[in-house]
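Read the structure below first, then the notes.
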Amino acid sequence: MTDEFGEGNLLSKSESFFHKNTLRNWKDCILALQSSEPVLPRAEKLHLVGKCLNALSMMVCTDPSLFGWPMMMYGSFQSPGGSILWNGINTGARIRSSESDWWFEDISYLSVSLFERLIKTMQARGIRPENLAGAIMYYSRKHLPGLGRWQGGQGGKTRTVASFSLTPATVDQRVALLESIEKLLPDKKGKSYCRFLLGLLRVALILNVSQTCKDSLERRIGMQLELATLDSLLIPTYSDSDALYNTNCIEQIVHYFVSTESNLTPFSPSSLDLQASASPSSESLRKVAKLIDNYIAEIASDVNLKPGKIRKLAEALPESSRLLHDGLYRALDLYFKAHPWLYDREKEELCNIIDYQKLSIHACAHASQNDRLPLRVVLQVLFFEQLHLRTALTRCLNALDGEIAPAAPVPITALGNTAGEIVQRDGWVTVVRENQVLKVDMDRMSSRVGELEEEFGKIKQEMKSATKSHSSRSSPRLVARKIGCKLVPQPSDAQPESLNHTGSTPRASIERPQRSHMSRHSKSFT
């Protein structure tokens, strides 16, 4: 069939038809690539597979709206009559859209080996990573059962032609498919991409793939853990363990997040600019810390969850990642509520991961009345709640006296020692009583500040009206004497003796016992 036996023989005609017609038509090129699978060694010898792969890659790189190439051989873009012509050639389809994912459906009918070779060819040609990731995600959802359920992905699309190139795969074939897909994944980051990786890890745990594949997926997720969501982290346990959720996997992901330097760039350039302008390290740490605290609170209802698992998850992140420990306290409170049989020693060991100095006033107020906490923990919380109240009361007094300079912060170690001394010396009854007294003093002081502000506003209004009615030569002090009021001295000029001369008014008589009361408490605290 070569030209040695006759000019224009069958081999030369077949090659001419293959180059002029098959390689220039998307549908015929896909069919030729699928037809070469039974005789793949011969097709490789004739370089037919490589030519089809290069032609498909070129068509994907080119904008389809510029040409009449058929889009969606098996999808909804197929023309039923096939009467659409392009340069006199019956294409069998018409263009309805120029989206970048028009070729996902057609290449999803290729075998695993041909799909892997096609993706590598497209990657070498310079196709955008988001398009390659979209094609891989589409292919994975189609051929890995259970993955589409966690992604919500392409279930809404209907297929007009059933797949004829793939038979129902066995477990070993699916394991090989997942390991091949994992090697094709691009090193990028994105919210939907991170969710897909977590779903892929879930399927990998079900299929029990190799440890290398699991570690690689966990490393990819850990490098973009700040983009994950809580529901995607709730991976069930598929082994013989009694626990409901796989905490070991999440712990390993957190370790990868902390130890591995993330050099991944987002898919879209706009998000890349946002990441470059902000401080990604501290912001990512805070997001992941909040995510892990919510994760612990979500799995705390599992009765088979051990305290050691909670402690490892909480301590996997550095101390600087949490500005407040309210989320961690909430998670432990839910865990104690679901595990009432825990000993106080076990509860104290878990509560040691909480920094009481970083609890808000509301969290301290809740913890001081929490019956599920051990007595030692409640005493420590009461001390720090008392410290918060004293600090707030001191600031209020400083604001009234005009002292702007803040008090020097007390070291945390000294606070802990003082808390222990108060507990050992007076007991928790004294601490509770002093907290109640301080709260009452705070309420009285706030009402006093409101009264002073209201009185000062009235004096200002009266002075303005008096200055308008009198001549400009009269001073404010004379005007104040005429209207029968006394000017309030400035805080910087006020002397301690001046406060005693204003004792004729009822408010001044109230202020003196309050100040002596506060001095008595400050002496007892020191």
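Where a number appears in this text, it was derived from the coordinates with a stated rule and is not lab data. What you are looking at is a predicted structure, and each value in this text was computed from that prediction instead of being measured. A quick note on method: Cβ atoms are made from the backbone with ideal geometry, for glycine too, and the neighbour counts reach across all protein chains shown.
Structure above, values below:
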quantity	calculated
Estimated distance in nm for a label pair at Lys183 and Thr265, the labels positioned 7 Å out from Cα along Cα-to-Cβ	2.6 nm
Sites Ser100 and Arg444 - FRET efficiency at Förster radius 56 Å, r taken between beta-carbons, to 0.05	0.25
For segment 206-260 versus segment 1-65, the gap between their alpha-carbon centres in whole angstrom	44 Å
Amide hydrogen neighbours beyond the local backbone of Tyr245, cut-off 5 Å, H modeled	Thr237
Built amide H within the under 5 Å cut-off of Lys189, gap 5+	Thr265, Phe267
Per-pair calculated FRET efficiency, R0 = 22 Å: Asn248 and Glu298 via Cβ, rounded to 0.05	0.85
Efficiency of FRET from Cβ geometry, Ala399 and Lys312, R₀ 45 Å, rounded to 0.05	0.50
Range of Cα positions in segment 175-269 per principal axis (Å), largest first	44, 28, 22
Kirkwood hydrodynamic radius over Cα pairs of segment 174-218, then Stokes diffusion coefficient at 25 °C and 0.890 mPa s, in µm²/s	232 µm²/s
